[in-house]
Amino acid sequence: MMDLVTILLPILDSTMRLATPLLFACLAGLFSERAGVFDIGLEGKMLAAAFFSAAIAYTSGNVWLGMLAGIAASIALSLIHGLASITFRGNQLISGVAINFLAAGMTVLVAQDWFKQGGRTPSLQGDARFGPIEFPGAAALADVPVVGPIYSELISGHSFLVYIALLAVPATWWILYRTRYGLRLRAVGENPAAVDTAGVSVIGLRYSAVLICGLLCGLAGAYLATGLQAGFVKDMSAGRGFIALAALIFAKWRPWHALGACLLFGFLQALSLRPDAVKILTRVDIPVQLLDALPYILTVVILAGFVGKAIGPRAGGEAYVKER
Amino acid sequence: MSLMHKFMGAAAAMALTAGAAMAEPALIFDLGGKFDKSFNEAAFGGATRWAEETGGSFREIELQSEAQREQALRRFAEAGANPIIMTGFAFGNVLTEVAPDYPDTKFAIIDMVVDAPNVRSVVFNEHEGSYLVGMMAAMASETDTVGFIGGMDIPLIRKFACGYVQGVKSVDADATVIQNMTGTTPAAWNDPVKGSELTKAQIAQGADVVYAAAGGTGVGVLQTAADEGILSVGVDSNQNHLHSGKVLTSMMKRVDNAVYDAMTAGMDLEMGFNIMGVANGGIDYAMDEHNADLVSDEMKAAVDAAKLKIASGELEVHDYMTDNTCPVE
């Protein structure tokens with residue numbers, strides 16, 4: 001039992017850290033897509049937020065200012081996406097791709113111009129990065145067998161944003177299913193004409209969803225650069241925005257399922273870091289590459305309809321045209 | 001008419017010799033930029049050293065986009081710069097096309113082999129340097145477990161890993177080396193988050209020194225090692241200063257020496273292969289004020305002894321890329 005705890009605990013601990021950016025981005029995508037705006041620009045927004053949060057945290061020495069700057073950058077990109085795909089009724093996928101390219105190029109260019117360190121920011125120290133939050137009694141309980149290490153290592157000791165990500169799940173559920181705004185948001189993704197007939201602004205609702213998406217992607221980026229890391233490195237989001245999209249489909253656009261999917265994908269990523277533990281647990285040599293690919297394989301399986309069916313919001317991907 | 005021809009020919013020959021005598025060397029920095037704290041900055045350091053010692057001057061350009069690669073090469077070649085030195089394997093394809101168009105210009109490319117009569121290809125014996133830092137890691141480790149974190153899983157990085165393991169095992173045959181590669185796509189060079197997590201995973205398995213050969217991913221490795229209170233080993237340039245007192249040493253590719261040598265040779269630059277290894281000072285481990293307290297006298301003595309043996313050929317470190325296998329795990 002003790003052995004299992006010592007092997008599994010670091011993996012689960014790592015799962016929490018790896019799942020957090022996925023969870024933020026997944027919930028961001030959930031708001032946007034539930035309102036009928038597909039967003040494959042999650043990756044780009046996360047990257048831009050990572051850069052600006054690190055850059056401002058470094059220049060100001062204050063991680064909170066950095067986080068706000070990251071959110072602002074992400075929201076700015078969201079507005080571009082909104083402008084292109086809601087106001088001008090452009091193709092949502094193309095706008096998303098453009099945002100990914102824009103963020104990848106712009107962050108390195110600005111970083112090089114500001115810091116001259118080959119497209120990265122200097123490393124952050126002290127108050128310029130999020131430290132771990134120790135829960136009360138974590139140190140005292142650490143020696144209690146089984147429960148102690150679980151409390152002191154797994155539950156306590158993460159950065160502030162990890163807990164915010166976890167709290168964002170019930171908050172999202174409540175907003176979507178228990179508020180008038182949430183009902184309208186879901187309706188605008190299913191049947192915008194009905195919402196329009198009821199006298200509610202489709203454009204306004206969609207813009208609000210895109211803004212929330214920007215806020216959450218901003219938090220994801222800030223967590224990457226100032227929580228997990230101490231600075232920005234080019235392309236540091238490394239495809240997490242796309243894994244989050246896969247998780248969103250896997251969760252069939254539902255908040256609690258999104259939590260489950262992100263934790264599962266995070267767990268698979270954490271497992272791939274520990275081939276030795278996988279071997280001890282399963283007694284089989286599983287290639288690391290297979291574990292890395294599993295989130296995508298699982299998503300394809302879900303999409304193919306083997307395990308239930310993933311059907312997105314009906315009006316997703318289409319700009320709303322009032323008069324035909 | 002014939003006289004005119006002769007006259008023109010003589011003028012052209014004079015212009016050529018004059019150009020050759022006055023030719024300035026040129027240096028092209030890759031996209032990382034001149035002050036990247038690594039490869040390009042080392043090249044710039046070598047060029048500056050040459051300029052200060054000889055009083056000469058050199059031309060330079062920092063690439064801002066992929067499209068400028070060929071443009072910069074041709075501009076310098078047409079302006080008569082000679083030799084033209086470029087840093088980074090990414091110039092390989094472009095140089096293969098450009099070099100034949102300027103047979104009188106000498107090119108030097110670092111970290112890549114281009115087979116042309118007017119190109120000097122400078123490559124490094126990374127396995128030798130990795131062997132040296134592997135020895136130091138094994139001596140500094142108290143748990144007899146050390147780690148290696150590679151970037152993308154390619155033969156070059158396995159060459160680093162293999163040299164490192166050989167170095168570790170030469171000190172302590174029973175030591176454990178935990179090896180992880182970050183990924184199989186180019187994204188693996190820029191995933192510091194995964195680098196951090198791999199470092200934490202290796203710490204959980206008992207590693208107390210980690211060697212990162214992983215580009216931008218290594219930033220996360222060194223950071224996490226410093227945060228968690230274990231030692232790390234930097235790569236390519238001297239990275240000891242990144243976390244003073246927490247980085248045991250760095251495996252240095254002396255790109256500065258390669259550039260310095262090329263500029264010193266000037267027009268007499270030899271073409272063909274140039275292998276920079278421990279023997280000719282092309283590969284070394286880093287010592288400075290940031291790691292002076294971490295490296296004991298015995299460690300230094302042992303590594304320096306190994307350096308001499310490698311240089312004299314008495315000790316041969318296996319190069320993974322010769323047969324794509326490693327004799328030790």
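Read-outs throughout are calculated quantities, based only on the coordinates presented, and are distinct from any laboratory measurement. This one's a predicted model, so the numbers in the text were calculated from it and none came from an experiment. Cβ: placed from backbone, ideal geometry, glycine included. Neighbour counts: every protein chain shown.
Beyond 22 Å in Cα-Cα separation lie the following of the pairs A:Lys116/B:Lys246; B:Lys200/B:Lys253; A:Lys279/B:Lys200; B:Lys246/B:Lys300; A:Lys45/B:Lys246: A:Lys116/B:Lys246; B:Lys200/B:Lys253; A:Lys45/B:Lys246. From helices alone, chain B scores -14000 deg cm²/dmol at 222 nm; the rule is -39500 (n - 2.57) for each run of n ≥ 4 DSSP H residues, then divide by the residue total.
How would the stretch A:56-212 be classified by its alpha-carbon gyration tensor: rounded, prolate or oblate, with rounded meaning a/c under 1.5 and the a/b versus b/c comparison settling the rest?
On the way: a/c = 3.15, a/b = 1.31, b/c = 2.40.
It is oblate, given that a/c is not under 1.5 and a/b is not larger than b/c.
A simple count of charges around A:Gly131, restricted to other residues whose Cβ falls under 15 Å of its Cβ and scoring Lys, Arg +1 and Asp, Glu -1, yields -2. Between the alpha-carbon centres of the stretch A:259-324 and the stretch A:143-197 there is a gap of 19 Å. Taking amide H as placed 1.01 Å from N in the peptide plane, B:Arg120 has its amide H under 5 Å from the amide H of B:Phe107, B:Ala108, B:Ile109, B:Gly272, each at least 5 places away in sequence or on another chain.
Where does the charge balance sit around B:Val98 when Lys and Arg score +1, Asp and Glu -1, over other residues with C-beta under 12 Å from its C-beta?
On the way: positive: B:Arg69, B:Arg74, B:Arg75; negative: B:Glu70, B:Glu78, B:Glu97, B:Asp101.
In short, -1.
Using a 10 angstrom cutoff on alpha carbons, build the Gaussian network for chain A and name the most mobile of A:Gly148, A:Gly82, A:Gly214. Among A:Gly148, A:Gly82, A:Gly214, the largest GNM mean-square fluctuation belongs to A:Gly148.
Against the empirical 2.2 N^0.38 Å (N residues), chain A has a Cα radius of gyration ratio of 1.03. Here the stretch A:233-324 is assigned +1 on the Cβ of each Lys and Arg and -1 on the Cβ of each Asp and Glu. Its dipole about the Cα centre then comes out at about 300 debye. As a rough footprinting exposure proxy, the listed residues A:Met46, A:Met67 were ranked by other beta carbons within 10 Å of their own, and the order from fewest upward is A:Met67, A:Met46.
Loop-located chymotrypsin sites (Phe, Trp or Tyr not before Pro) in the stretch B:230-312 (DSSP state not H, G, I, E or B) with no more than 10 neighbouring Cβ atoms inside 10 Å do not occur. Applying a DSSP loop filter and a limit of 15 other Cβ atoms within 10 Å to the GluC sites (Glu not before Pro) in the stretch B:84-142 leaves B:Glu142. Simple rule: put +1 on each Lys or Arg Cβ and -1 on each Asp or Glu Cβ in the protein assembly as shown, find the dipole, and look at A:Met46, B:Gly151, B:Ala213; the Cα lying farthest toward the positive end is A:Met46. A simple rule links phi to the HN-Hα coupling: the Karplus curve 6.51 cos²θ - 1.76 cosθ + 1.60 with θ = phi - 60°, which for the stretch B:148-159 gives 10, 10, x, x, 7, 6, 10, x, 4, 6, 5, 5 Hz, with x for Gly and Pro.
Just A:Ala230, A:Ala19, A:Ala49 to compare: in a GNM of chain A, with alpha carbon springs under 10 Å, which one fluctuates most? Answer for the Gaussian network model of chain A: A:Ala230. In the stretch A:190-324, taking the dipole from charged Cβ atoms about the Cα centre, the farthest positive-side position among A:Leu216, A:Leu273, A:Val284 is held by A:Val284. Lacking any other cysteine beta-carbon closer than 4.7 Å, the following Cys residues of the protein assembly as shown have no compatible partner: A:Cys26, A:Cys213, A:Cys217, A:Cys262.
Dipole magnitude for the protein assembly as shown: computed about the Cα centre from +1 point charges on Lys and Arg Cβ and -1 point charges on Asp and Glu Cβ, it is near 3320 debye.
Close amide H partners of B:Arg59, meaning residues 5 or more places away or on another chain with modelled amide H under 5 Å apart, are B:Ala26, B:Leu27. Each of A:Gly148, A:Gly204, A:Ser159 was scored by the projection of its Cα onto the charge dipole of the stretch A:118-257, and the greatest displacement toward the positive side belongs to A:Gly204; charges sit on the C-beta of Lys, Arg, Asp and Glu.
Just the Kirkwood number for the protein assembly as shown, please: inverse of mean 1/r across all distinct Cα pairs, in Å, one decimal.
Numbers: mean 1/r = 0.0371 Å⁻¹.
That comes to 26.9 Å for the protein assembly as shown.
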